[in-house]
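Visitor: Take this structure first; my questions come after.
Here, each number is a calculation from the coordinates, and none is a lab measurement. Keep in mind the model is a prediction, meaning the values are calculated, not measured. Ideal geometry is used to build each Cβ from the backbone, glycine not excepted, and the neighbour counts take in all protein chains shown.
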Amino acid sequence: MRSVITRARSAVGLVRFAALNIGRVARTPRAFAFLRYTWVVRDPDLTSDLQRAVLWTLACEPSVSGCIVELGAWIGGTTVCLAAASRLAKAGPVYAVDTFAGADPDCQARIGHYGGSTRDLFQRNLQRAGVTASVHVLGTTTVEAARTWSTQAQSPIRLLFIDADHRYARVREDFETWIPHVAHGGVVAWHDYDDAHAGVVQAVDEAVATGVVVNPETVPGLLWAYKR
Ligand SMILES: C[S@@+](CC[C@H](N)C(=O)[O-])C[C@H]1O[C@@H](n2cnc3c(N)ncnc32)[C@H](O)[C@@H]1O
C-alpha cells in the first residue's frame, strides 16, 4: 500500500514538474526515455521518479561541457539515469564514487542484505541498463577521490550530484573538496534536502549562502544550484 501511495505521489510530482518546466523538457532529447531507465533499478525509498527525472534533465542539459560526478552510487539507481541521459545527449561520461560499504545510518541498516558490499549489484544493474561503458567507477571515499582528481587528466565537472554520507560535516566536506573541480555554470545537486536530513539541509543552506552556487531550484528531496 505504502509503495502505491509513494508511486502515485511521485507520478503527480512528475507531471507537475513537466508542466512547470515544459521548455526544459522540450529541449531534453527523448525526455521520457528516462522511464525505461528509472525502472531498471527500483528503489523508491532512495530516489523518487521525480528526482530521477530532474537528474535526467540536468544530465541532458550540457550548458557547459564536461563530465558528471556522482558521490554515492549505492546499487546504481541514479547512476543508470545519469549515464543513460548523458549518453543520449552525447555529453561526457559519469564518474561514480563509492566505497560500496554503506557508511551513513540509512545505508548501514541495509548493507547486510547485500553481503556487506553493493558493488556486485551495482555492476549488474549497470550491465542490465547497458551503460557500463559510460561509467567510470572510483571505488574509494569521496574525499580521497577529490584529492586525486585532476582537472588536467579529467574534464571539468558539469554536474556534481552529492548523495554519499548525509551527516552535516561530511556533506559540507564533500561540497568543499569537490566544488573547485566544477566548471563555472556547472550544476551541483544534493539529494535528501528534506526534513528527515537536518544535516544535509544545514550544509546545503550554508553552501548556497556562500554565493559560490546561485539560483537554487528544488523539488521535494532534491536541491540544485549553479556554480557562479
Ligand atoms: C544514499 S546511497 C546513494 C544512493 C544513490 N545515489 C541512488 O539514489 O540510487 C549513499 C551511498 O554513499 C556511499 N558512501 C557513503 N559515505 C561515503 C564516503 N565517504 N565515500 C564514498 N562513498 C560513500 C555509501 O556506500 C552508499 O552507497
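Visitor: So how far, in whole Å, is the C-alpha centre of segment 78-112 from the one of segment 167-228?
Guide: Using only Cα atoms, the two centres lie 17 Å from each other.
Visitor: Next up: By the scheme Lys and Arg +1, Asp and Glu -1, what is the net charge of all other residues having a beta-carbon under 11 Å from that of VAL41? Let's see the in-between values first.
Guide: On the way: positive: ARG42, ARG52, ARG124, ARG128; negative: ASP43.
Counting the neighbours of VAL41, the net charge comes to +3.
Visitor: From the backbone phi of segment 139-144, what are the Karplus-calculated ³J(HN,Hα) couplings (6.51 cos²θ - 1.76 cosθ + 1.60, θ = phi - 60°) in whole Hz, Gly and Pro given as x?
Guide: x, 9, 6, 5, 6, 5
Visitor: Right, next: Quick one: Debye curve from the alpha-carbon atoms of segment 2-227 only, equal weights, vacuum; give me log10 I(q)/I(0) at q = 0.07, 0.10, 0.14, 0.16 Å⁻¹ to two decimals.
Guide: Relative scattering, expressed as log10 I(q)/I(0), comes to -0.19, -0.40, -0.83, -1.14.
Visitor: Sort ARG42, ARG52 so the one with the fewest other Cβ atoms within 10 Å of its own Cβ comes first. Show your work: numbers first, answer last.
Guide: Values: ARG42 12, ARG52 25.
Exposure proxy ranking, most exposed first: ARG42, ARG52.
Visitor: Check GLY185: other-chain or 5+ apart residues with amide H under 5 Å from its amide H, H built from backbone geometry?
Guide: Distant-sequence amide H within range of GLY185: LYS227, ARG228.
Visitor: Give me HIS136, HIS113 ranked fewest to most by other Cβ atoms within 10 Å of their Cβ, as a rough exposure proxy.
Guide: Numbers: HIS136 13, HIS113 9.
Taking fewest neighbouring Cβ atoms as first place, the list is HIS113, HIS136.
Visitor: As a footprinting exposure proxy, order VAL171, VAL97, VAL15 by other Cβ within 10 Å, with the fewest listed first.
Guide: Numbers: VAL171 28, VAL97 24, VAL15 11.
Result, fewest neighbours first: VAL15, VAL97, VAL171.
Visitor: Sort segment 66-185 into rounded, prolate or oblate with this rule: let a ≥ b ≥ c be the square roots of the eigenvalues of the Cα gyration tensor; rounded if a/c is under 1.5, and if a/c is not under 1.5, prolate when a/b is larger than b/c, oblate otherwise.
Guide: Working: a/c = 2.03, a/b = 1.14, b/c = 1.79.
It is oblate, given that a/c is not under 1.5 and a/b is not larger than b/c.
Visitor: How high is the relative contact order of the chain, given as a whole-number percent (alpha carbon pairs under 8 Å, six or more residues apart)?
Guide: Taking the mean separation of contacting Cα pairs over the length of the chain, I get 18 percent.
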